[in-house]
Every structure is written in C-alpha cells, then in structure tokens.
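Structure, as structure tokens:
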Amino acid sequence: MSETSAPAKGTLPEGAQSEADASRQVCEMFTQIAPRYDLLNHLLSMQLDRVWRARVARRLRPILDRPDAVVLDLCCGTGDLAFSLARSARARIVGADFSHAMLVRARAKSAATGSSAVPFFEADALSLPLANSSLDLVTTAFGFRNLANYENGLREFARVLKPGGTLAILEFTEPPDGLMGNLYRWYCRTLLPRIGGLISGNAAAYEYLPHSVSRFFQPPELAALMTQVGYATPKWEALTFGSVALHIAKTNA
C-alpha cells in the first residue's frame, strides 16, 4: 500500500459494486478453488503456512491450555489453523466459515483425526450466530483480509468475545522495500497467479490474492483500527521478511 493511499474499508474483488457483492464474489471464489486449496496453500507458501500457524498456536498456548476456554477459528477454510490450535490443547476449539465447499473438506479432515476432531459450522464472520461475550479467543488466518468490511468485522469479533478476551489475526501484508520485499512482490504478482491458476483452474482467484494484499493494511494501520474499535493494546509481529503479520489484542475487561 502506498503512503498516500487510504486504507481499504474491506475487500474489493474486481467488478464488486457493494459489500454484499464483494462478499458473494469471495464466497464463490473459495467454492471454486476448494478442491485444490490445501495443495496450493502448501505449495505456494513453500510449506511456510504450516510454520506460521504453529507460531500462532505457540503464542496462544496460555489460552489453549485452559480447559474452560472456548475458541473460535473464523474464516477457517479447510481447518488448518483450527487443527494447529487443537493439537495438545485443553480448550474447546470450533471452526466457522461461510464457504460450504471449504467446510466439507474441513469436516472430512476433522473426522479423520479421530479423538482430536474439531467441529465446524457455516457462518458469516460479519454476522455470527453467537451470544454476546461467549468466547475466550477468536482467531483468523488469512481470512480477515477477505471481509467486505474490516471495521464491522472487528466489532463483531469484539461482540462475541468475553471482556478481556483475545483476538488473533494472522494475515499477509506488503513487506518493506528492499531485495526480499521486491522479490516477494515479483513472486506474488507474476509467478504465484500463474501456478495457482494452472493447478486450480481459476486464474482470477490467484490474481485476486496479490491484489487484495496490496490494498490491505500495513500492520500499524490495522493496529490503529483495532484501537479505534476498542481493543486494548494491540501488538503485532512480522514474520518471513515482513510478508506476514500476527496481530494480537484483547477486548477491554
């Protein structure tokens, strides 16, 4: 994102005319790429997506170790972050996504894990079918960027979190200028769409990815919005040359 551009209010797929239209297009896109989603996640990230999710689980271990804690992984896709959180966790882990095709795969993967199975349900992250103050932790990995309205998403997460509850957002971001940042941008804008389109059969979906990242917040901007919405002392850390950021904040107690 350039220094002069205003932070995006929400995702904006090509041709979307409204927030409802943007949400519909994103859901349709993930439905179409669901069959090859896991393969491409691991391939295009060079397996780093596994490392990033494991980092999130380590950072959240104090909550995950609590048997009374209830954790919701939002925009869960095929469930990889939910499964990372559930490994050795004593907390109750639940996943939610608005793409039925993604949840079919998440549930199949969950059933295959046996005793450590994670339940999943279909829901829109901007309008959750959950009571106020019902969760100890909300997580989302690479899904927040796809919301049609970021501020509304943060407010909805705060609504379902208990006072003093924790929000963790793992998301792509534009790395700083320099050799590694420029190499990352070349890869994301040139090579990644070609590989993703070839394997998935949906070139537009993998052209959308770098476009959405370039429009998304820089970490300080997202932290500022979290503060504006009412989260307490949001903190973030950059991963893998600044191409990914993990944000963690709490609701006011």
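A few notes on this one:
- Qualifying position, being in contact (Cβ under 8 Å) with a residue 24 or more places away in the chain and within 26 Å of L103 (Cβ to Cβ), among S133, S214: S133
- Hits in segment 86-118 - residues which are among the hydrophobic types (A, V, I, L, M, F, W, C) and in contact with a Leu (Cβ under 6 Å, 6 or more places away or on another chain): A89, A91, I93, V94, A96
- Number of positions in segment 110-135 that are under 17 Å from S84 (Cα atoms) and not in a loop (DSSP other than H, G, I, E, B): 7
- Residues satisfying the stated conditions in segment 163-183, i.e. part of a strand (DSSP E or B) and under 20 Å from F144 (Cα atoms): G165, T166, L167, A168, I169, L170, E171, F172
- Test: A117 is more than 26 Å from T11 (Cβ to Cβ) and not β-branched (V, I, T): yes
- A single entry from A34, A54 fulfils the requirement of being of a type outside the set (S, T, N, Q), buried (at least 20 other Cβ atoms within 10 Å of the Cβ), part of a helix (DSSP H, G or I) and in contact (Cβ under 8 Å) with a residue 24 or more places away in the chain: A34.
- Test: residue in segment 196-217 that is of a type outside the set (K, R) and farther than 30 Å from Q47 by Cβ: no
- The residues of segment 79-118 that are surrounded by fewer than 21 Cβ atoms within 10 Å (Cβ to Cβ), at pLDDT below 95 and touching a helix residue (DSSP H, G or I) at 6+ places or on another chain (Cβ under 9 Å), listed by number, are R87, S88, K109, T113, S116, A117.
The values are calculated or read from the model by the stated rules, or taken from the named source; none is laboratory data. Predicted, not measured: the structure shown is a model, and the values here were computed from it. FYI the Cβ positions are ideal-geometry reconstructions off the backbone, even for glycines, and counts take in every protein chain you see.
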